[in-house]
């Protein structure tokens, strides 16, 4: 791969163009966790929404989101998971976030100088939580990577970063970060945000990366809102997906923010209770349902 007279690698410029034309993705590092979020717009209403996933987990405590070319992202996810597995097999402990980012960036850099290949047309936001605390990294097609407090990429990157600069604070909690992430996506969003057209991943002090399902029907959202408003500490299963346990007020607030901001209409109370029953919502009997009232 040859450099242009200006000293730039043309193929990397093309890769960055692919990133810039991709859907907006962002990440925010809070004092007690990290959130990553992205738009998910389907090319056709005939596409099965559940089959499109822009956020993936690399290890139980590391997640990643991308902007750019989806097939390239899948290749990098597979390579990163393999690196994490090899590290765990050798050292019997999870790979540190920084090291996995470094290994992934090395793969991306190698593809900028090897013959017969091209640079990956994606930028990544890697969110993790290890012994060093919450971490957020951005990796670009050139193989360069930096740690960020908050970052965005994709076609609406300029507006998103401007909004994040105004809203971000060093002492931001995870629930505030989720709120800010959704508001940032909403800034340049065409249409109305719902569970069908955004994805969110969260990791907190428990060091477990959790993803919101890519498909949340209106019935599920309504049932979830009723649960949140009544402060039930519960878990529920929807289409084979076991949702997270609501053990902390911050998690309840995060989910309440996430769905309330999507302007989903809430049916009458009795109808909501029926919907919750139909979705097989089960309350933990050993939890204090009277605590954590909103």
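Using per-residue counts of other Cβ atoms within 10 Å, averaged over each peptide, order 162-174, 142-154 from highest down.
In descending order of packing, they fall as 142-154, 162-174.
Taking the Cβ of each residue in 137, 66 as the centre, tally the other Cβ atoms inside 10 Å and list the residues starting with the fewest.
Going from sparsest to densest Cβ surroundings: 137, 66.
Binning every alpha carbon pair distance of the stretch 127-205 at 5 Å from zero, what are the percents per bin?
With a bin width of 5 Å, the distribution comes to 3, 12, 22, 25, 21, 12, 4, 0, 0.
Read the figures in this text as sums done on the coordinates, not as results from a lab. Quick caveat, the model's predicted, so the values are computed rather than measured. No Cβ is skipped: glycine too gets one built from the backbone with ideal geometry, and neighbour counts run over all protein chains shown.
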